[in-house]
Amino acid sequence: MQWFPAGSALPLAALGAALAPVAAQARIYVSVEQAQREMFGALALTPHPVALTAAQQEVLRAASSVSLPFQGNRIWKTADGSWFVVDEVVGKHEFVTYAVGINADGSVRRVEVLEYRESYGYEVAEQKWLAQFVGKTVEAPLQLGRDVQNIGGATLSAKHVADGVKRVLAAYRLVLQAR
Amino acid sequence: MTHRQAVGRYDWNQYRTEIEYGLSDDFQIGAYLNAFSIRAQDNYLSDEVCATTPCTAGFGVPGTASSGGAYRRSGIDGASLEAIWRISNPVTSPVGVGLYVEPTWGKLEDSLEFRLLLQSNFLDDRLVLAANALVEMEREKYDPANGIIRNSMADLLYGASYRFAPRWSAGFEGRLHTDHDGYRFEQHTQTANFIGPNVHYSAERWWLTAAWRHQVGGSCYGGGTADCSLGHVWDSHGRDQIMLKVGYLLN
């Protein structure tokens, strides 16, 4: 079942001119700095790496079903208590790298896909699809078909990005919220 | 590619070109153009088939060629159609279930194949366990002297594949194969077991899968041992099956 139509074309416009994403041969790249500016404007971000114990990793795995270990070395914090976290999940063939901005109240400020290198399923990088995560908290199910809309032909990527956002929110609750 | 039988040489190769299209998220259709080549020489040991041993026989080889030394034939065989209905998606369900049907019209044989497709994914969908339960009715017609041969087969295909690096997966697959006389499994005639490794590579717009299944053993039943010797089943089978699939995304 690998040959379903790719659906709509590359979502360059949806990413916004300010981000100036580069997409060539099925690749979408947004730098960390670009995503930070898009989410937080001129607000200063300070690196805030964390090291998770094995028990904490297990909590995140149970909360999100993402089995790959969470890398805590790509986390930034703003003076107002907001967070910017870069993470990656398994895509159909490659990893999908994404960033989650979290407001001081623990809700999702914005999600941005930084790197997507599959041959179809670009809708996961469109703000039209990613906007459904805005305002979600760790209490949200974030399940495909329940409170997250599926993308035909890109179910795996859509599910894994949703699981990834869930994991970042779980990491916020577990280790970032109290800092 | 089916390769090697009891002795001598046997190469039974199928070359299939397919175009697939998804009509919806859960239903796809396909069409194949099938070609073939056969090369056999002194590959059978069974004295039920051969007046003298070894002789030339096997699927695609007419009875008149048994004592004639080398037999070669190649060309366009025919066409197939395919339809797959996905009932559940293994990414979002514990078990993905699909139904598959494939009719074939060919010079060598006509067939009608049905499959129940099962798949479960684990470890962020990097580990895939899959099984296909297959039944097929076959109308063999490659040997005009012997007329039409009506067969049916039931197979269990199973395998596991692990994505060990971006774009790369590898694993193993097996085939528990049974052949029967008649379209309705009237008489069980053969069973054979195959197992071997597979490897898969996916680029952005194309992919390649290679697999090798080795026949670890087989038996004949129903009073006929014509296609068995040395603990293996021959007919359309060999000691080794090698499969190479290349796909390209058109849209």
Query raised in the report: Going through region B:185-240 one residue at a time, which ones are in a loop (DSSP other than H, G, I, E, B) and in contact with a Leu (Cβ under 6 Å, 6 or more places away or on another chain)?
Result: B:ARG205
Query raised in the report: Is it fair to say B:ALA145 is at pLDDT below 95, away from every other protein chain (no Cβ under 14 Å) and loosely packed, with under 15 Cβ neighbours inside 10 Å?
Result: yes
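One line per residue, one yes/no per condition, for (1) touching a residue at least 40 places away in the same chain (Cβ under 8 Å); (2) crowded, with 20+ Cβ neighbours inside 10 Å; (3) within 14 Å of another protein chain (Cβ to nearest Cβ):
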position	(1), (2), (3)
B:ALA65	no, yes, no
B:ARG72	no, no, no
B:PRO90	no, yes, yes
B:LEU99	no, no, yes
B:LEU112	no, no, no
B:ALA130	no, no, yes
B:ASP155	no, no, no
B:TYR158	no, no, no
Query - Residues located in region B:190-212, provided they are more than 19 Å from B:GLY58 (Cα to Cα), more than 14 Å from chain A (Cβ to nearest Cβ) and surrounded by 17 or more Cβ atoms within 10 Å (Cβ to Cβ) - result: B:GLY196, B:ASN198, B:ALA211, B:TRP212
Requested in this report: State all residues of region A:93-152 that are surrounded by fewer than 19 Cβ atoms within 10 Å (Cβ to Cβ), outside any strand (DSSP E or B), in contact (Cβ under 8 Å) with a residue 40 or more places away in the chain and among the basic types (Lys, Arg); if no residue qualifies, say none.
Outcome: A:LYS128
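Suppose the filter is closer than 21 Å to B:VAL91 by Cβ and modelled with pLDDT under 95; does B:GLU204 pass it? Outline the logic, then answer.
Details: closer than 21 Å to B:VAL91 by Cβ: yes; modelled with pLDDT under 95: yes.
Taking the combined requirement at face value, the residue satisfies it.
Please tell me if B:ILE76 is assigned to a strand (DSSP E or B), within 12 Å of chain A (Cβ to nearest Cβ) and on the phi < 0 side of the Ramachandran plot. Break it down stepwise before answering.
Details: assigned to a strand (DSSP E or B): yes; within 12 Å of chain A (Cβ to nearest Cβ): no; on the phi < 0 side of the Ramachandran plot: yes.
The answer is no for B:ILE76.
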Query raised in the report: Any idea which residue in region B:18-58 is nearest to the chain's Cα centre (by Cα), counting only those that are within 14 Å of another protein chain (Cβ to nearest Cβ) and of a type in the set (S, T, N, Q)?
Result: B:GLN28
Query raised in the report: If only one of B:GLU48, B:GLU82 is surrounded by fewer than 20 Cβ atoms within 10 Å (Cβ to Cβ), farther than 24 Å from B:LEU134 by Cα and in contact (Cβ under 8 Å) with a residue 12 or more places away in the chain, which one is it?
Result: B:GLU48
Query raised in the report: Mind checking whether some residue in region A:74-81 is surrounded by 13 or more Cβ atoms within 10 Å (Cβ to Cβ), among the basic types (Lys, Arg) and more than 14 Å from chain B (Cβ to nearest Cβ)?
Result: yes
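For region B:228-238, give me the residue count where each residue is in contact (Cβ under 8 Å) with a residue 24 or more places away in the chain and either surrounded by fewer than 15 Cβ atoms within 10 Å (Cβ to Cβ) or in contact with a Cys (Cβ under 6 Å, 6 or more places away or on another chain) (or both).
Residues of region B:228-238 that are in contact (Cβ under 8 Å) with a residue 24 or more places away in the chain, as a first pass: B:228-230, B:232-238.
Within this subset, residues satisfying the condition of being either surrounded by fewer than 15 Cβ atoms within 10 Å (Cβ to Cβ) or in contact with a Cys (Cβ under 6 Å, 6 or more places away or on another chain) (or both) are B:228, B:230.
Within region B:228-238, residues that are in contact (Cβ under 8 Å) with a residue 24 or more places away in the chain and either surrounded by fewer than 15 Cβ atoms within 10 Å (Cβ to Cβ) or in contact with a Cys (Cβ under 6 Å, 6 or more places away or on another chain) (or both) number 2.
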Query raised in the report: Can you find even one residue in region A:40-54 that is assigned to a loop (DSSP other than H, G, I, E, B) and either within 14 Å of another protein chain (Cβ to nearest Cβ) or at positive phi (or both)?
Result: yes
Query raised in the report: Out of (1) within 13 Å of the chain's Cα centre (by Cα); (2) away from every other protein chain (no Cβ under 14 Å), what's the single condition that is false for B:TRP105?
Result: (1)
Query - Failed item, numbered, when A:ARG167 is tested on (1) within 13 Å of chain B (Cβ to nearest Cβ); (2) farther than 29 Å from A:PRO49 by Cβ; (3) charged (D, E, K, R); (4) under 15 Å from the mean Cα position of the chain (by Cα) - result: (2)
Requested in this report: Give the residues of region A:82-99 that are touching an Asp or Glu at 6+ places or on another chain (Cβ under 7 Å) and more than 14 Å from every other protein chain (Cβ to nearest Cβ), sorted by residue number.
Outcome: A:TYR98, A:ALA99
Query raised in the report: Are any of the residues in region A:71-80 closer than 18 Å to A:LYS136 by Cβ and in contact (Cβ under 8 Å) with a residue 60 or more places away in the chain?
Result: no
Report task. Could you tell me which residue of region A:110-160 is farthest from the other protein chains (Cβ to nearest Cβ), considering only residues that are more than 17 Å from A:GLY91 (Cβ to Cβ) and among the acidic types (Asp, Glu)? Result -> A:GLU139
Query - The one condition in (1) touching a residue at least 40 places away in the same chain (Cβ under 8 Å); (2) surrounded by fewer than 19 Cβ atoms within 10 Å (Cβ to Cβ); (3) in contact with a His (Cβ under 6 Å, 6 or more places away or on another chain) that B:TYR183 fails to fulfil - result: (3)
Query raised in the report: Within region A:153-179, which residues are free of Cβ contacts under 8 Å to residues at least 12 places away in the same chain and among the polar types (S, T, N, Q)?
Result: A:THR155
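The values are calculated or read from the model by the stated rules, or taken from the named source; none is laboratory data. As the structure is a computational prediction, the values presented were derived from the model and not from experiment. Cβ sites come from the backbone with ideal geometry, for glycine too, and all protein chains shown count toward neighbours.
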